[in-house]
Amino acid sequence: NTTTTTTVSYYYYYYICVFAVVALNDGKNYFDYESHIAHRIHNVGCRRRAIPLKDCFELQQFLKGDNKISAVVDFTSSTGELMEDALDALSGLNPDVYIFVSAGAIYDVVLESDQPLKESDSVRPSGSKRSFYASNNEFGDKMLSSEETLIARGVPYVILRAADLVGPRDTTHRWWQYQLWAEHFTTIGQGFPIPNELSAVPFSLSTGDDVAQAVVKVLQRKKINSVYNIAMEKTFTLPNLLLELCTHLKKEKSTDCDSALIPLL
């Protein structure tokens, strides 16, 4: 998940500057990474979706050294296969904890539960219902497979389930598009189109800052074999979120926001 990798990892690197950090990534640098982050960490380059980690030369050279790794923080093992690959490649490090930044999307493929969702609600249905529920959200199904693979391996773990991520340095640009539209919809001549079937669907949001701080707390408290949901206390709908954004940006002209939404029936 590009948004998770970029938005959260930026804050994560910033917060844990007091630790020695080794970053394993594809070497792509976004936004102000070079000026704010690069000098704080040691980078190991590897395009893990192109080759298995065991075949990554830079990683293998690092693993040959006398390195004690207290924790692995995994932002990118978004399938069970990728998690298996990472666990195999890093098994020799014997970290005190393996932290996996997962996603709230896993709740789309498990048995329905009352709101608000609890960490213990991540129970897949059995039998033929499993594939039916899995089809609700392919990404969530794969992320849950990653979680299941990690837990089954018996390594000390902590799983952080983030909701939809918002905040600076979002490489999907979705928030940037919303912000521009909210600021200039009167000039554009069209408000936000809101599909009727989505107008009342509730969702949660997380910030990269919050998830990164959660990672740091895990490192400090050292409580293992746990799962945590990371999200704002408030639940949003799309019209509610866009109106709040518009009102905040318009300020003195917030009444303009009354015409910012266009229902699509």
Restricting segment 111-133 to residues that are open to solvent by less than 90 Å² (accessible area, probe 1.4 Å) and hydroxyl-bearing (Ser, Thr, Tyr), the one farthest from Ala162 (Cα to Cα) turns out to be Ser131
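Matching residues to (1) assigned to a helix (DSSP H, G or I); (2) open to solvent by 70 Å² or more (accessible area, probe 1.4 Å):
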position: Phe31; (1), (2): no, yes
position: His42; (1), (2): no, yes
position: Lys54; (1), (2): yes, yes
position: Asn67; (1), (2): no, no
position: Ser78; (1), (2): no, no
position: Glu81; (1), (2): yes, yes
position: Ala86; (1), (2): yes, no
position: Ile99; (1), (2): no, no
position: Ala105; (1), (2): yes, no
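One line per residue, one yes/no per condition, for (1) more than 24 Å from Asn137 (Cβ to Cβ); (2) in contact with a helix residue (DSSP H, G or I) (Cβ under 6 Å, 6 or more places away or on another chain); (3) β-branched (Val, Ile, Thr):
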position	(1), (2), (3)
Asp164	no, no, no
Gln190	yes, no, no
Pro193	no, no, no
Ala200	no, no, no
Val216	yes, yes, yes
Val227	no, yes, yes
Met232	no, no, no
Asn240	no, no, no
Ile262	yes, no, yes
The number of residues in segment 202-242 that are more than 22 Å from Pro168 (Cβ to Cβ) and part of a loop (DSSP other than H, G, I, E, B) is 7
Scanning for something on the phi > 0 side of the Ramachandran plot, more than 24 Å from the chain's Cα centre (by Cα) and free of Cβ contacts under 8 Å to residues at least 24 places away in the same chain, does segment 129-144 turn up at least one residue?
-> no
In segment 115-141, residues that are among the charged types (D, E, K, R), farther than 20 Å from Thr76 by Cα, in a helix (DSSP H, G or I) and out of contact with any Phe, Trp or Tyr (no Cβ under 7 Å at 6 or more places or on another chain) total 2
Of the listed residues (Phe31, Phe100, Phe19, Phe57), the one being modelled with pLDDT of 85 or more and farther than 23 Å from Thr149 by Cβ is Phe57
Picked from segment 187-206 (must be open to solvent by 80 Å² or more (accessible area, probe 1.4 Å) and over 25 Å from the mean Cα position of the chain (by Cα)), the residue nearest to Ala163 (Cα to Cα) is Glu197
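The values are calculated or read from the model by the stated rules, or taken from the named source; none is laboratory data. As the structure is a prediction and not an experimental result, all values here were calculated from the model. Cβ coordinates were reconstructed from backbone atoms using ideal geometry, including for glycine residues, and neighbour counts include every protein chain displayed. Remember, those area values only see protein heavy atoms, side chains included, never the ligands or the DNA or RNA. Shrake-Rupley method; radii C 1.70, N 1.55, O 1.52, S 1.80 Å.
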